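Trainee: Have a look at this one before I ask anything.
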Ligand code: SF4
Ligand code: SF4
């Protein structure tokens, strides 16, 4: 790290950037309080926490922009044990989240095109293609992505990420730390936990060598405690969707989940979710629903269709339908109980073995069954995501079971989380309309 | 070269019937890596299911989305059609997100009325992976013991390991002698793929007979590397030979990446695990891109291959991720390559034939 680099980082991130982003937030907050700010016929105004969310995400990517030269950068999969790397002082970048940002900003197709031109098949996960496009072209809607010093890949969401990260490791010629988590067809066996634990220990040693310092136990406990707190708050945020009317929809949650994925372990993330939760409680007290005339309630399975979150949300709201929960956003809340800040390494092995995506198709059906009951829903939308086989295979049977065992109609919606070419607006509207009629919306 | 070049050996159906006639059990084993010695030590005949070609895949449509590969769709359809009814258990190694889904579907929803044994093949490397896998094999052994009602001793298991290692040695020898064998591509792959179901001693005998027919020199065709998941559809070899090429280097997951080396030591569990992880760099195990490149370049040097044909299964992510960087590295070393996509359960598309012809012309 040179003095110039450090000065540039401090000036751009902590002075100019911080001031600008705060000003932008205050402006937005001010606007939201103005009379007549919100005129949507079917949707309640956005949550007041939204400008703060924008500030957090922008600041995160701003830090990333100047991270090389300031410290070491780790690119991590969303299911990786981020706490270890945060505690060691790495700047954590999550390529999947970056992919999602590209999807929301509608540049995923263009970036994916660069990857496809370089020979990457259109059948690969669209997050990977989007990020390969950014890697090969240098283009990104967040300004600039920092070069990784290390890649951290945990197979607990899919095997795809391992192939993806091998490509990135070869491109940047950087080491790849693998945390290999056996897929849980049934329960986790002791040798599986031991396998993950040993890899975590080796990962720490390797990361310490890269960053040039030892992991501080107290610091790891502190980061893990904050992470647990954030995850618990997130779980409570999601649970507010059980109220009638629901003060938040899964569409909102898709956006609000960014900090719990990429900034867990930070004090500001805890504060952020505490603020959001208080706001939701206020809405519950006042009977304000996210959908103004909530008549029917649904759950969502799988990733969102990032480029169509708004469109789908308005389409459903216009029919009085609130999407009150999703298996996807739930994935970041359901493991809070397993996190033990007093024994961070030991508990990490168990926690990181148990995400929904590392568990069988039957378990996912159980999660949906519980949601149907707890959230009092009349139907389910199962997004059959062309890009995400680990999440999607099993949905045909899950849909059938929801319908036959619980009497809950479920729609299989063919699309892709980040590739708009796999989304037909006409077809989706027609199928959704027919489905909504079935559930009486 | 004709079918007569290959000694007569039993088909899958015959081996299964023979084994069953003696009261033995049969395991239908899905791709890719599995502990052969374990099943044998329990008296279970492992018969691998790669597709298989000719299966009516529409049955799988009731459970799998259209973007699932032909191997998984074919495997599930095979089970649903009743063609796997001879199997007493199903073994599902974890090879990719799709085989993961297949194992889970069979276990949770399809429930074909037979024990389902999915297991996780580690992607990590080194002693930690061997230790995990040895214990995972131990977990499988407990399950098989409850199915079969008895267990082999460690000494019996070790004996089975040695026999498998001998068969693996013969398999490697066949691949090494490939250019000098008087066999067509179809014949060669029929022989080496007999390892997917023949008892090991029968395979050793078959290999010895074939090896005895090896000549001094390779035929005059231009050598190429063939890579991908599996050598299906087999018209690939007919086409290659027709246009003057020969598949001299094998990098198929099903064959060339399963030339296992013997493990070490007297602990049978660890020895099986070591051997299972000793194959050539395999995309399904998430190896580094450089390892794939080095392996292919080594194969090209050893066989004199002038080109590589990536004969890929449509929707196969593990393979597809590696292609651009691997192909670029091969090109830099003067090795031409083409990548074609096939459904291994269907005939070779005309467009693939045309591309193979074009490749042969550029190499002429
Ligand atoms: S979208 Fe699915 S396939 Fe892609 S990285 Fe995420 S879990 Fe893996
Ligand atoms: S062909 Fe590819 S996607 Fe299909 S089972 Fe084999 S490794 Fe998996």
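Trainee: Could you grab me the full set of residues in region A:117-136 that are within 16 Å of residue A:171 (Cβ to Cβ) and over 20 Å from the mean Cα position of the chain (by Cα)?
Mentor: Answer for region A:117-136, where residues must be within 16 Å of residue A:171 (Cβ to Cβ) and over 20 Å from the mean Cα position of the chain (by Cα): A:117, A:118, A:119, A:120, A:133, A:135, A:136.
Trainee: Please name all residue pairs, on different chains or six or more residues apart, with Cβ atoms under 6 Å, provided the first residue is in region A:362-391 and is within 11 Å of chain B (Cβ to nearest Cβ) and the second residue is away from ligand 1 (no atom under 16 Å from the Cβ).
Mentor: A:362/B:108; A:365/A:398; A:365/A:401; A:382/A:399; A:382/A:410; A:382/A:412; A:384/A:412
Trainee: Only residues that are at positive phi and surrounded by fewer than 20 Cβ atoms within 10 Å (Cβ to Cβ): list them for region A:394-407, please.
Mentor: A:407 - this is the single residue of region A:394-407 that is at positive phi and surrounded by fewer than 20 Cβ atoms within 10 Å (Cβ to Cβ).
Trainee: Please go through (1) surrounded by fewer than 24 Cβ atoms within 10 Å (Cβ to Cβ); (2) more than 9 Å from chain A (Cβ to nearest Cβ); (3) within 16 Å of ligand 2 (Cβ to nearest atom) for residue B:66 and return the number of the only condition it doesn't satisfy.
Mentor: If we test residue B:66 against (1) surrounded by fewer than 24 Cβ atoms within 10 Å (Cβ to Cβ); (2) more than 9 Å from chain A (Cβ to nearest Cβ); (3) within 16 Å of ligand 2 (Cβ to nearest atom), just (2) comes out false.
Trainee: With the checklist (1) part of a loop (DSSP other than H, G, I, E, B); (2) out of contact with any strand residue (DSSP E or B) (no Cβ under 8 Å at 6 or more places or on another chain); (3) under 14 Å from residue A:323 (Cβ atoms) in hand, flag the one item residue A:214 doesn't pass.
Mentor: (3)
Trainee: Look through region A:408-422, keep the residues that are more than 12 Å from every other protein chain (Cβ to nearest Cβ) and more than 25 Å from residue A:376 (Cα to Cα), and return whichever of them is surrounded by the most Cβ atoms within 10 Å (Cβ to Cβ).
Mentor: So, considering only residues that are more than 12 Å from every other protein chain (Cβ to nearest Cβ) and more than 25 Å from residue A:376 (Cα to Cα), the one surrounded by the most Cβ atoms within 10 Å (Cβ to Cβ) is A:418.
Trainee: Still on this structure, please answer the following. Taking the residues in region A:378-409 that are in a loop (DSSP other than H, G, I, E, B), in contact with a helix residue (DSSP H, G or I) (Cβ under 7 Å, 6 or more places away or on another chain) and away from ligand 2 (no atom under 16 Å from the Cβ) as candidates, determine which candidate is nearest to residue A:368 (Cα to Cα).
Mentor: For region A:378-409, the residue satisfying everything is A:408.
Trainee: If you check every pair at least six apart or on different chains, which have Cβ atoms under 6 Å apart with a residue in region B:277-291 that is within 20 Å of residue B:311 (Cα to Cα) first and a residue that is within 16 Å of ligand 1 (Cβ to nearest atom) and not in a helix (DSSP H, G or I) second?
Mentor: Taking only residues 6 or more apart or on different chains, the pairs are B:284/B:95; B:284/B:96; B:285/B:123; B:286/B:123.
Trainee: Do we have any residue at all in region B:127-146 that's touching a strand residue (DSSP E or B) at 6+ places or on another chain (Cβ under 8 Å), more than 14 Å from chain A (Cβ to nearest Cβ) and surrounded by 16 or more Cβ atoms within 10 Å (Cβ to Cβ)?
Mentor: Checked against the condition, which is being touching a strand residue (DSSP E or B) at 6+ places or on another chain (Cβ under 8 Å), more than 14 Å from chain A (Cβ to nearest Cβ) and surrounded by 16 or more Cβ atoms within 10 Å (Cβ to Cβ), region B:127-146 yields at least one hit.
Trainee: Return yes or no: is residue B:267 more than 26 Å from residue B:174 (Cα to Cα) and surrounded by fewer than 19 Cβ atoms within 10 Å (Cβ to Cβ)?
Mentor: For residue B:267, the condition - more than 26 Å from residue B:174 (Cα to Cα) and surrounded by fewer than 19 Cβ atoms within 10 Å (Cβ to Cβ) - is met.
Trainee: Right, next: Give the number of residues within region B:293-321 that are without any contact (Cβ under 8 Å) to a residue 60 or more places away in the chain, within 14 Å of ligand 2 (Cβ to nearest atom) and under 19 Å from the mean Cα position of the chain (by Cα).
Mentor: 1
Trainee: For region B:288-315, what are the residues that are at the interface with chain A (Cβ under 8 Å from one of its Cβ atoms) and either surrounded by fewer than 21 Cβ atoms within 10 Å (Cβ to Cβ) or farther than 20 Å from residue A:170 by Cα (or both)?
Mentor: Answer for region B:288-315, where residues must be at the interface with chain A (Cβ under 8 Å from one of its Cβ atoms) and either surrounded by fewer than 21 Cβ atoms within 10 Å (Cβ to Cβ) or farther than 20 Å from residue A:170 by Cα (or both): B:288, B:290, B:314, B:315.
Trainee: When you scan region A:53-160 for strands (runs of 3 or more DSSP E) that lie fully inside it, which ones turn up with 3 or more residues that are buried (at least 24 other Cβ atoms within 10 Å of the Cβ) and within 14 Å of chain B (Cβ to nearest Cβ)?
Mentor: Output list reads A:150-154.
Trainee: To continue, here is another question. Exactly one of (1) out of contact with any strand residue (DSSP E or B) (no Cβ under 6 Å at 6 or more places or on another chain); (2) free of Cβ contacts under 8 Å to residues at least 40 places away in the same chain is unmet by residue A:177. Its number?
Mentor: (1)
Trainee: Another question about this same structure. Of all residues in region A:127-163, count the ones that are within 12 Å of ligand 1 (Cβ to nearest atom) and more than 17 Å from residue A:101 (Cβ to Cβ).
Mentor: 11
Trainee: Right, another one. One residue is enough: does region B:137-149 have a residue meeting the conditions at pLDDT 95 or above and not in a helix (DSSP H, G or I)?
Mentor: yes
Trainee: If we only count helices (runs of 4 or more DSSP H) wholly inside region B:225-334, which ones have 3 or more residues that are over 30 Å from residue B:152 (Cα atoms) and touching a strand residue (DSSP E or B) at 6+ places or on another chain (Cβ under 7 Å)?
Mentor: Ranges flagged: B:235-242, B:289-303, B:317-332.
Trainee: Please go through region A:222-262 and pick out each residue that is touching a strand residue (DSSP E or B) at 6+ places or on another chain (Cβ under 8 Å) and under 21 Å from residue A:348 (Cβ atoms).
Mentor: Residue satisfying the conditions is A:262 alone.
Trainee: Just one of B:332, B:364 is farther than 17 Å from residue B:236 by Cα, loosely packed, with under 15 Cβ neighbours inside 10 Å, within 14 Å of chain A (Cβ to nearest Cβ) and more than 16 Å from ligand 1 (Cβ to nearest atom); which is it?
Mentor: Result: B:332 is the single residue among B:332, B:364 that is farther than 17 Å from residue B:236 by Cα, loosely packed, with under 15 Cβ neighbours inside 10 Å, within 14 Å of chain A (Cβ to nearest Cβ) and more than 16 Å from ligand 1 (Cβ to nearest atom).
Trainee: Residues that are more than 21 Å from the chain's Cα centre (by Cα): list the helices (runs of 4 or more DSSP H) wholly contained in region A:284-351 that include at least 2 such residues.
Mentor: Output list reads A:309-318, A:344-351.
Trainee: Taking the residues in region A:392-407 that are within 15 Å of ligand 1 (Cβ to nearest atom) and without any contact (Cβ under 8 Å) to a residue 40 or more places away in the chain as candidates, determine which candidate is farthest from the other protein chains (Cβ to nearest Cβ).
Mentor: Here the residue is A:394.
Trainee: Which of the residues belonging to region B:212-224 are in contact with a strand residue (DSSP E or B) (Cβ under 9 Å, 6 or more places away or on another chain) and either outside any loop (DSSP other than H, G, I, E, B) or at pLDDT 95 or above (or both)?
Mentor: B:222, B:223, B:224
The values are calculated or read from the model by the stated rules, or taken from the named source; none is laboratory data. What you see is a predicted model; the values in this text were computed from it and never measured. Note that we place each Cβ from the backbone using ideal geometry, even for glycine, and neighbour counts take in every protein chain shown.
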